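Trainee: Please see the structure below; I have some questions.
The values are calculated or read from the model by the stated rules, or taken from the named source; none is laboratory data. None of these values were measured; they are calculated from a predicted model. Please note: Cβ atoms are built from the backbone with ideal geometry, for glycine as well, and neighbour counts cover all protein chains shown. Just the protein is used for accessible areas: all its heavy atoms, side chains included, with ligands, DNA and RNA removed. Shrake-Rupley method; radii C 1.70, N 1.55, O 1.52, S 1.80 Å.
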Amino acid sequence: MYGKFIPNTAGYEIKTLNLPTSWEYIYENRDVLLKMDQFGPVYAQANPPGDIMLFKREQHQKFSPWFVNIFSDSFEGKITNFFRPNTISNTDEPQNLSIKFLPECAIYSFEYRGIRVVTEFIIPKKGTAISMRLKIKNISQNNISLNVVPQLVPYLNEASMALWDKYEWYLDSSCEKCEKCQKLVFKTKLLSADASGAKRRSAVFVLPDGYERFEICLEKFIGQGDLVRPECNLTNSNRNYGYPPVYAASYKWDLAADEEKSLTASLTLDDVEGAVKYFDDSYFDQQISDRKAEFENLFSKNHVKTDDKDFDNFVNYWLPIQLNWVASLDRGWPTGMRGSRDSAQDYAGLLYSNTVAPKEIILTMLECQRTDGWFPRQYSAKGKHGKHDMRTHVDAGVFFAEFLHKYIAHTQDFDILNLETEWLDSDQKDTVLEHFIRAVEYYIKDENIGEHGLCKIRGGDWLDAVNTAGLLGRGETVTVSAQEVMALKYLADILKTLNPNADVSKYLDAADKLTENLNKYAFNSAGFYNGLFNDDGKWIFSECDPDGESRMYGVANYYAIVSGVAKKDKFAKIIENTQKLKSDMGYRLFSPYLGEKPIDKVGRIASGDVPPYLGENGNVYNHGSQGFLLRALSEADMGDMAFDVLKWLLPYDNEKHPTELAFTPPYAIVNCWQQLPAFHHRGLMCFLTGSVAMAMRGVYEWIFGIRPTLDGLEIAPCLPATMKNATVDFEYLGKQHTLKIDGDDIYLDGDKLTKKRKNLITDKQVYFVKL
């Protein structure tokens, strides 16, 4: 209907501009992030997610700030190199339209009134350059004269400025022909509001020689038009500050029949010579080849082969690339902050393909940790001295504990524990191990344990919209209490590995006590665990909530299973209640929705301020609804249901998530699918979700059961009955390994697995191999 997957890569070809919404694709290299959609560039950010936006669309702005105007006496109206925006029609389409999003480049092509227009966008393996190459060919039998006017509206400021500020007040732009390179060079200096030299940078935008006129003042360029349909006035203004800049120039092309001409444009920070290199076609093409090789290497690290080819294609190509995107986007606000919980989850998933970036994140997180062990809700991507979100959520530490344990398991990098870093509220340096101990011990301090012996919720846990349940200091969280059981065991495991004679009874006893209290106070007669206890002394997400509803909250129950708190005798009732959360979009987070009868001291989700089925409110919130459920089902050895849940989490199955209802592209993992009055089943926020990391871990860790430990590999497949044969190639400690499923037999690197041991967290018997 709209396009097709390109096989053997993370590629998609769009065949129509009349898509239901913006279909985005990401290009990033850690130095720059470029977001594209069917209408061209959406935004670009340097050093994501914490640095300046090079350019951006404003909210509800449909078309790109970077495009090329094309008009001619040979055809009516004005088009662009993306066809739209144009002065012809909002719905008409060109001939032979093709928009290909490939990992190495984006390619837009179409034919219109005797010309073929092809546009390529690329970024290199390193550096901030963003380059465009436009080719226009005369495919008619007659000569054609064209006016070609590239335009880019730079922004070059933080994504969100103060209401009283304007971005143009901090930009000083100029334009001149460079005598050395014989190119037209636009340059914009970013000035500093606080006189900080570190914030001063320059952007350069380079266009070819042969131009007729140029413009650097946006208002002059637009004239009586607007941003997407400018008059294209060019006055040769060569200096502009105080008012919005534009980079624009005009070219006159006369094309004989079958003749083709091209135009290259390159945007970068502080590097004219680097930008000029892209004007050499061989250099431009080499950058594409280098990027392609880079992604082929990424895709080769982990590879799944089953009888389900669509599943294999998505897992092998789309999961690793989207996880790379998420690591740079950090849920893509972009505010310059990373969620502490979000980082821990996303980079735990990234460990299957990249172990360098997770180490950097660990050390940055720790210098933003308070001396009492607590982590901010969000921390600055710039580290300790940046701006942090100090809301009093309490879940970041337990997510971090699992992340650090998994990092060491994947890398055997025990030396990281001896590195020293400062604290958010102290310049004293302590070891990573000391930071880890304080993170875990935070939750078992007397002041952080409530009246039921569970962890206090304070400003919130994973479910952000529950944000007032514990502000008075009484409320408790079942989810974090179950996670802390795991964290205590992870800490004990590391300490015993470092020193087999270490006394870890303090931590294991605390885990046992939390387990006892969860089962004593939180497990209800309806057969599931309550979600939380609030400051009013009421259980919420319980068999009888204050609004009179019985309401199971999946996440608390899934973590009860994952942590080993819930034993096998409770699995059947929990899963029976989970089935009540099933909908035509997948599994809801909880049901029924909250807010019809407001409940005090829960949060915005229960006050009536979040409408039904918006965001987390009774919705299929992909990360928690299906990611955490998948993990629980793998621990319960329920392979058929686990694989089905994984398929619900992923977007590509049109029977599960019809594109005409979801609106989102079938390659994009989404935050949630919503049951809204005007948009039943509509997807929300592509890539900006922990669901991507959940999917990666879901495939390799929970379905195929590949689980690195501190002393080797545990193998615990949880497969559907229909999957009798499968092969998984995966990277571990710098070497490639092969897991083969052959009926009931499991082989690792050709050796049949027979040895088993108890899993650290749940005591489940799993295969073990010491490598």
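Trainee: Could you tell me whether any residue of segment 442-453 is open to solvent by 10 Å² or more (accessible area, probe 1.4 Å), aliphatic (A, V, I, L, M) and either in contact (Cβ under 8 Å) with a residue 60 or more places away in the chain or assigned to a helix (DSSP H, G or I) (or both)?
Mentor: Within segment 442-453, one or more residues are open to solvent by 10 Å² or more (accessible area, probe 1.4 Å), aliphatic (A, V, I, L, M) and either in contact (Cβ under 8 Å) with a residue 60 or more places away in the chain or assigned to a helix (DSSP H, G or I) (or both).
Trainee: I've got another one for you. Being open to solvent by 40 Å² or more (accessible area, probe 1.4 Å) and at positive phi is the filter here; which residues of segment 658-701 pass it?
Mentor: Listed by number, the residues that qualify are F663, M685.
Trainee: Say we look at segment 192-210 and pick out the residues that are touching a residue at least 60 places away in the same chain (Cβ under 8 Å) and either in contact with a helix residue (DSSP H, G or I) (Cβ under 9 Å, 6 or more places away or on another chain) or assigned to a loop (DSSP other than H, G, I, E, B) (or both); which of these is most open to solvent (accessible area, probe 1.4 Å)? Don't jump to the end; show me each part of the working.
Mentor: Keep residues of segment 192-210 that are touching a residue at least 60 places away in the same chain (Cβ under 8 Å), which gives 201-206, 208.
Those still in the list that are either in contact with a helix residue (DSSP H, G or I) (Cβ under 9 Å, 6 or more places away or on another chain) or assigned to a loop (DSSP other than H, G, I, E, B) (or both) too: 204-206, 208.
On the way: V204: 3, F205: 1, V206: 0, P208: 24 Å².
Of everything passing the filter in segment 192-210, P208 is most open to solvent (accessible area, probe 1.4 Å).
Trainee: So, in segment 11-30, how many residues would count as being among the polar types (S, T, N, Q), open to solvent by less than 30 Å² (accessible area, probe 1.4 Å) and more than 15 Å from the chain's Cα centre (by Cα)? Spell out how you get there, then give the answer.
Mentor: Taking segment 11-30 as the starting set, the residues that turn out to be among the polar types (S, T, N, Q) are 16, 18, 21-22, 29.
This time we only want the ones that are open to solvent by less than 30 Å² (accessible area, probe 1.4 Å), so: 16, 29.
From what's left, more than 15 Å from the chain's Cα centre (by Cα): 16.
Number of matching residues: 1.
Trainee: While we're looking at this one, here's another question. Suppose we filter V246, V228 for residues that are closer than 18 Å to S64 by Cα, open to solvent by 20 Å² or more (accessible area, probe 1.4 Å) and under 38 Å from the mean Cα position of the chain (by Cα); which single one remains?
Mentor: Details: V246 fails: open to solvent by 20 Å² or more (accessible area, probe 1.4 Å).
Checking each option against the conditions leaves just V228.
Trainee: Identify all residues within segment 9-32 that are among the hydrophobic types (A, V, I, L, M, F, W, C) and in a loop (DSSP other than H, G, I, E, B); write none if there are none.
Mentor: Keep residues of segment 9-32 that are among the hydrophobic types (A, V, I, L, M, F, W, C), which gives 10, 14, 17, 19, 23, 26, 32.
Of everything in segment 9-32, those that are among the hydrophobic types (A, V, I, L, M, F, W, C) and in a loop (DSSP other than H, G, I, E, B) turn out to be A10, L17, L19, W23.
Trainee: Note down all Cβ pairs under 8 Å where the first residue falls in segment 280-294 and is on the phi < 0 side of the Ramachandran plot, the second is in a helix (DSSP H, G or I) and open to solvent by less than 50 Å² (accessible area, probe 1.4 Å), and they're at least six residues apart or on different chains.
Mentor: From segment 280-294, the pairs are F284/Y278; Q287/Y278.
Trainee: Here's a follow-up. Suppose we keep only residues that are of a type outside the set (D, E), more than 28 Å from I605 (Cβ to Cβ) and assigned to a loop (DSSP other than H, G, I, E, B) within segment 642-657. Which one would you say is least open to solvent (accessible area, probe 1.4 Å)?
Mentor: Checked segment 642-657; the qualifying residue least open to solvent (accessible area, probe 1.4 Å) is Y652.
Trainee: Still on this structure, please answer the following. Within segment 89-131, can you find the residues that are open to solvent by less than 20 Å² (accessible area, probe 1.4 Å) and polar (S, T, N, Q)?
Mentor: S98, T119, S131
Trainee: Here are some residues: D415, D464. Which one is in contact (Cβ under 8 Å) with a residue 60 or more places away in the chain and among the acidic types (D, E)? Working first, answer last.
Mentor: Numbers: D415 fails: in contact (Cβ under 8 Å) with a residue 60 or more places away in the chain.
The unique qualifying residue is D464.
Trainee: Going residue by residue through segment 31-45, is there one that turns out to be on the phi > 0 side of the Ramachandran plot and crowded, with 22+ Cβ neighbours inside 10 Å?
Mentor: Here is the first cut: in segment 31-45, the ones on the phi > 0 side of the Ramachandran plot are 40.
Add one more test, that the residue is crowded, with 22+ Cβ neighbours inside 10 Å, and what stays is 40.
Yes.
Trainee: Further, regarding this structure: Being of a type in the set (S, T, Y) and either surrounded by 19 or more Cβ atoms within 10 Å (Cβ to Cβ) or free of Cβ contacts under 8 Å to residues at least 60 places away in the same chain (or both) is the filter here, so list the residues in segment 69-85 that pass it.
Mentor: From segment 69-85, those of a type in the set (S, T, Y) are 72, 74, 80; that's our starting set.
S72, T80 - these are the residues of segment 69-85 that are of a type in the set (S, T, Y) and either surrounded by 19 or more Cβ atoms within 10 Å (Cβ to Cβ) or free of Cβ contacts under 8 Å to residues at least 60 places away in the same chain (or both).
Trainee: May I pose another question? Could you identify the single residue in K180, K189, K252, K220 that is more than 38 Å from the chain's Cα centre (by Cα), free of Cβ contacts under 8 Å to residues at least 40 places away in the same chain and not in a loop (DSSP other than H, G, I, E, B)? Outline the logic, then answer.
Mentor: Numbers: K180 fails: not in a loop (DSSP other than H, G, I, E, B); K189 fails: more than 38 Å from the chain's Cα centre (by Cα); K252 fails: free of Cβ contacts under 8 Å to residues at least 40 places away in the same chain.
The conditions single out K220.
Trainee: Moving to a separate point now. If you go through segment 418-427 one residue at a time, do you hit one that is of a type in the set (D, E, K, R), without any contact (Cβ under 8 Å) to a residue 12 or more places away in the chain and touching a strand residue (DSSP E or B) at 6+ places or on another chain (Cβ under 7 Å)? Full working, then the answer.
Mentor: Step one: list which residues in segment 418-427 are of a type in the set (D, E, K, R), which gives 420, 422, 425, 427.
Of the ones still in play, those that are also without any contact (Cβ under 8 Å) to a residue 12 or more places away in the chain are 427.
Remaining after also requiring touching a strand residue (DSSP E or B) at 6+ places or on another chain (Cβ under 7 Å): none.
No, segment 418-427 has no match at all.
Trainee: Do any strands (runs of 3 or more DSSP E) lying entirely in segment 705-764 carry at least 1 residues that are free of Cβ contacts under 8 Å to residues at least 12 places away in the same chain, and which ones are they? Lay out the reasoning, then the answer.
Mentor: Values: elements: 706-709, 712-715, 725-732, 735-742, 745-748, 756-758.
Qualifying strands (runs of 3 or more DSSP E): 735-742, 745-748, 756-758.
Trainee: Wholly within segment 86-131, which strands (runs of 3 or more DSSP E) include no fewer than the required count, namely at least 3 residues that are in contact (Cβ under 8 Å) with a residue 24 or more places away in the chain and of a type in the set (A, V, I, L, M, F, W, C)? Before you say what the answer is, go through the steps one by one.
Mentor: On the way: elements: 95-101, 106-112, 115-122.
Hits in segment 86-131: 95-101, 115-122.
Trainee: Quick one: in segment 455-482, of everything that is under 27 Å from the mean Cα position of the chain (by Cα) and part of a strand (DSSP E or B), which residue is surrounded by the fewest Cβ atoms within 10 Å (Cβ to Cβ)?
Mentor: The extreme case among them is G460.
Trainee: What are the residues in segment 360-372 that are touching a helix residue (DSSP H, G or I) at 6+ places or on another chain (Cβ under 8 Å), closer than 14 Å to Y407 by Cα and surrounded by fewer than 19 Cβ atoms within 10 Å (Cβ to Cβ), if any?
Mentor: Residue satisfying the conditions is L363 alone.
Trainee: Now a separate question. Show the residue pairs meeting these rules: Cβ distance below 6 Å; 6+ apart or different chains; first residue within segment 384-404 and within 18 Å of M694 (Cα to Cα); second residue of a type in the set (K, R).
Mentor: Listed by first residue and then by second, the contacts come to D395/R341; A396/R341; F399/R341.
Trainee: Still on this structure, please answer the following. Among (1) open to solvent by less than 10 Å² (accessible area, probe 1.4 Å); (2) in contact with a Ser or Thr (Cβ under 8 Å, 6 or more places away or on another chain); (3) farther than 17 Å from A487 by Cα, there is one condition W325 misses while meeting the rest; what is its number?
Mentor: It fails just one condition, (2).
Trainee: Within segment 255-298, track down each residue that is open to solvent by less than 60 Å² (accessible area, probe 1.4 Å), under 23 Å from D51 (Cβ atoms) and part of a helix (DSSP H, G or I).
Mentor: V272, G274, A275, Y278, Q287, R291
Trainee: Oh, and also: For the condition among the hydrophobic types (A, V, I, L, M, F, W, C), within 21 Å of D644 (Cα to Cα), under 33 Å from the mean Cα position of the chain (by Cα) and open to solvent by 20 Å² or more (accessible area, probe 1.4 Å), what is the one hit in L733, L719? Talk me through it step by step, then tell me what you get.
Mentor: Working: L733 fails: within 21 Å of D644 (Cα to Cα).
Exactly one of L733, L719 is among the hydrophobic types (A, V, I, L, M, F, W, C), within 21 Å of D644 (Cα to Cα), under 33 Å from the mean Cα position of the chain (by Cα) and open to solvent by 20 Å² or more (accessible area, probe 1.4 Å), namely L719.
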